[in-house]
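Everything below concerns the one structure shown next.
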Amino acid sequence: MAQVENNIFGIGEKNTAFGQYFTGLTYRHPLVKKSTTIKAGVSNITFTPAARTNWHIHNNGYQILLVTSGNGWYQETEKPAQKLQAGDHIVIHEGVKHWHARLKIVGLVIFLSHLALVNGLNRLVMKTTKILIISVNA
């Protein structure tokens, strides 16, 4: 396996617990678990090349992505895709349909890692076989 550069939280284990939300190989390292007193969970998610989430939304809450290493993409419905790199953050409000990914680039083996802070429930909207980036804000 290729090394994940500067992944201070560790890669974790294969992400089988949330597999229905992903296409391709991802890893998950849970850092903070939700409980009756802690309303948001935090995990480090690592995407291998060509791995991505399926289109999904968050009900009764939100998601915050904090990119810790590598680069990738984020897109909301009817908006251009945004390039992600270490240091970027995305706030995803309740009900916003979106995906995030480490798309494959020929000749590069770079992973994407981000902390995902999630409050609320995930809901799968649509499984994807391909993601086509029509317009990109660099």
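Nothing in this text is a laboratory measurement; each read-out follows from the coordinates by a stated rule. As the structure is a computational prediction, the values presented were derived from the model and not from experiment. Quick reminder, even Gly has a Cβ in these numbers, built from the backbone with ideal geometry, and neighbours come from all protein chains shown.
Placing a pseudo-label 7 Å from each Cα along the Cα-to-Cβ vector at His93 and Ala17 gives an inter-label distance of 2.9 nm. Using the Cβ-Cβ distance between Ala50 and Ile8 with R0 set to 25 Å, the FRET efficiency works out to roughly 0.55. Peptides 52-65, 71-84 ordered by packing proxy, namely the average of other Cβ atoms within 10 Å per residue, highest first: 52-65, 71-84. The order of Ile38, Ile110, going from fewest to most other C-beta atoms within 10 Å of their C-beta, is Ile38, Ile110. The modelled label-to-label distance between Lys83 and Asn119, using points 7 Å beyond Cα along the C-beta direction, is 3.2 nm. Estimated at 0.36 nm per residue, the fully extended path between Thr36 and Leu66 surpasses their Cα-Cα distance by 8.4 nm.
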